[in-house]
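*Asks:* Please find one structure pasted underneath; my questions will follow.
The values are calculated or read from the model by the stated rules, or taken from the named source; none is laboratory data. All values reported here derive from a predicted model rather than from experimental measurement. Reconstructed Cβ throughout: ideal geometry from the backbone, glycine too, with neighbour counts over all protein chains shown.
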Amino acid sequence: MRKVLFAILVYFVGVSFYGWHIFKEEVPEPIEPTLVKVEINGAVLIPGDYNVSQATTLAQLISYAGGLTLEADVEIIDFQEVLSSNKSYFIPFRHGKEKINLNFASLTELLRLEGIGQAKAEAIINYRKNNGLFNSIIELKNVNGIGEKVYEKIKHLITV
């Protein structure tokens with residue numbers, strides 16, 4: 001009789017263990033989102049670099065950057081554009097008000113200025129890093145490679 005009870009007990013323990021093993025709820029491993037680095041400048045409140053998930057749209061990035069300024073030209077923005085890694089996004093201003101701030105301009109923004117190529121844009125950024133923020137736009141002439149001609153071409157397009 002003891003052997004039968006022991007066999008039944010072993011049977012139920014085995015069935016219970018098997019049932020628990022089959023029906024236990026498996027918790028999936030959380031999936032870490034793949035982040036991409038992007039830059040946003042122009043008519044946003046907090047321009048700069050952001051790390052966002054791959055599926056982020058330009059509208060979401062603008063939201064992360066504090067939203068648009070009142071001068072933003074919203075008619076030409078594709079808010080549904082999905083962001084690409086290591087890309088710079090520029091939100092344009094209305095009515096040609098898009099002066100470039102020498103103290104915060106990215107390499108990409110500086111390259112948009114007439115007469116400013118890769119070397120001069122990098123020189124401006126290096127000057128800013130080594131000497132601090134520009135106090136006036138005329139100080140741009142102190143940057144190696146920026147002479148009177150280049151300054152005259154771009155002075156109406158820059159600010160500090």
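*Asks:* Kindly provide the set of residues from the range 26-45 that are in contact with a Phe, Trp or Tyr (Cβ under 8 Å, 6 or more places away or on another chain) and not basic (K, R), ordered by number. So that I can check it myself, show each step before the final result.
*Replies:* Quick first cut of the range 26-45, residues in contact with a Phe, Trp or Tyr (Cβ under 8 Å, 6 or more places away or on another chain) only: 37-43.
Result: V38, E39, I40, N41, G42, A43.
*Asks:* Now for a separate question. Could you give every pair whose Cβ atoms fall below 9 Å, whose first residue belongs to the range 57-71 and is free of Cβ contacts under 8 Å to residues at least 12 places away in the same chain and on the phi < 0 side of the Ramachandran plot, and whose second residue is buried (at least 16 other Cβ atoms within 10 Å of the Cβ) and outside any helix (DSSP H, G or I), counting only separations of at least 6 or pairs across chains?
*Replies:* Q60/V52; Q60/L83; L70/A43
*Asks:* Do you know which of the residues in the range 63-73 that are assigned to a loop (DSSP other than H, G, I, E, B) and touching a helix residue (DSSP H, G or I) at 6+ places or on another chain (Cβ under 7 Å) is surrounded by the most Cβ atoms within 10 Å (Cβ to Cβ)? First the steps, then the outcome.
*Replies:* Quick first cut of the range 63-73, residues assigned to a loop (DSSP other than H, G, I, E, B) only: 65-67, 69-71, 73.
With the extra rule that they be touching a helix residue (DSSP H, G or I) at 6+ places or on another chain (Cβ under 7 Å), the set shrinks to 71, 73.
Working: E71: 14, D73: 17.
That would be D73.
*Asks:* For the range 105-125: of the residues being among the charged types (D, E, K, R) and crowded, with 16+ Cβ neighbours inside 10 Å, which is nearest to I46 (Cα to Cα)?
*Replies:* E109
*Asks:* Would you confirm whether or not the range 144-156 contains a residue that is of a type in the set (D, E) and closer than 13 Å to L102 by Cα? If you could, list the steps in order and put the result at the bottom.
*Replies:* To start, the set of residues in the range 144-156 that are of a type in the set (D, E) comprises 148, 152.
Restricting the remaining residues to those that are closer than 13 Å to L102 by Cα gives none.
So far as the range 144-156 goes, no, none of its residues is of a type in the set (D, E) and closer than 13 Å to L102 by Cα.
*Asks:* Counting just the residues of the range 74-125 that are among the polar types (S, T, N, Q) and assigned to a loop (DSSP other than H, G, I, E, B), which one comes out nearest to G48 (Cα to Cα)? Lay out the reasoning, then the answer.
*Replies:* Step one: of the range 74-125, the residues among the polar types (S, T, N, Q) are 80, 84-86, 88, 101, 103, 106, 108, 118.
Checking which are assigned to a loop (DSSP other than H, G, I, E, B) leaves us with 80, 84-86, 103, 106.
Values: Q80: 20, S84: 15, S85: 14, N86: 12, N103: 13, S106: 9 Å.
So the residue we want is S106.
*Asks:* Taking the condition surrounded by 16 or more Cβ atoms within 10 Å (Cβ to Cβ), over 25 Å from L157 (Cα atoms), not basic (K, R) and not assigned by TED's automatic domain parsing to the domain that holds I154, does Q60 pass? Explain how you work it out, then say what you get.
*Replies:* Numbers: surrounded by 16 or more Cβ atoms within 10 Å (Cβ to Cβ): yes; over 25 Å from L157 (Cα atoms): yes; not basic (K, R): yes; not assigned by TED's automatic domain parsing to the domain that holds I154: yes.
For Q60, the condition - surrounded by 16 or more Cβ atoms within 10 Å (Cβ to Cβ), over 25 Å from L157 (Cα atoms), not basic (K, R) and not assigned by TED's automatic domain parsing to the domain that holds I154 - is met.
*Asks:* Right, another one. State which residue is surrounded by the most Cβ atoms within 10 Å (Cβ to Cβ) when the search covers only the range 126-160 and only residues that are among the polar types (S, T, N, Q) and either outside any helix (DSSP H, G or I) or not assigned by TED's automatic domain parsing to the domain that holds L110 (or both). Talk me through it step by step, then tell me what you get.
*Replies:* Here is the first cut: in the range 126-160, the residues among the polar types (S, T, N, Q) are 126, 130-131, 135-136, 142, 144, 159.
With either outside any helix (DSSP H, G or I) or not assigned by TED's automatic domain parsing to the domain that holds L110 (or both) added as a condition, the list becomes 135-136, 144, 159.
Working: N135: 10, S136: 9, N144: 10, T159: 14.
Among those residues, the one meeting the criterion is T159.
*Asks:* On to the next question. Criterion first (outside the structural domain of T159 (by TED's automatic domain parsing), among the aromatic types (F, W, Y), crowded, with 16+ Cβ neighbours inside 10 Å and within 23 Å of L157 (Cβ to Cβ)) does Y89 satisfy it? Give the derivation first.
*Replies:* Working: outside the structural domain of T159 (by TED's automatic domain parsing): yes; among the aromatic types (F, W, Y): yes; crowded, with 16+ Cβ neighbours inside 10 Å: yes; within 23 Å of L157 (Cβ to Cβ): yes.
Yes, satisfied.
*Asks:* For the range 26-47, name all the residues that are touching a residue at least 12 places away in the same chain (Cβ under 8 Å), hydrophobic (A, V, I, L, M, F, W, C) and part of a loop (DSSP other than H, G, I, E, B).
*Replies:* To start, the set of residues in the range 26-47 that are touching a residue at least 12 places away in the same chain (Cβ under 8 Å) comprises 33-47.
Filter once more, so that each one left must be hydrophobic (A, V, I, L, M, F, W, C): 35-36, 38, 40, 43-46.
Scanning the range 26-47 gives A43, L45, I46.
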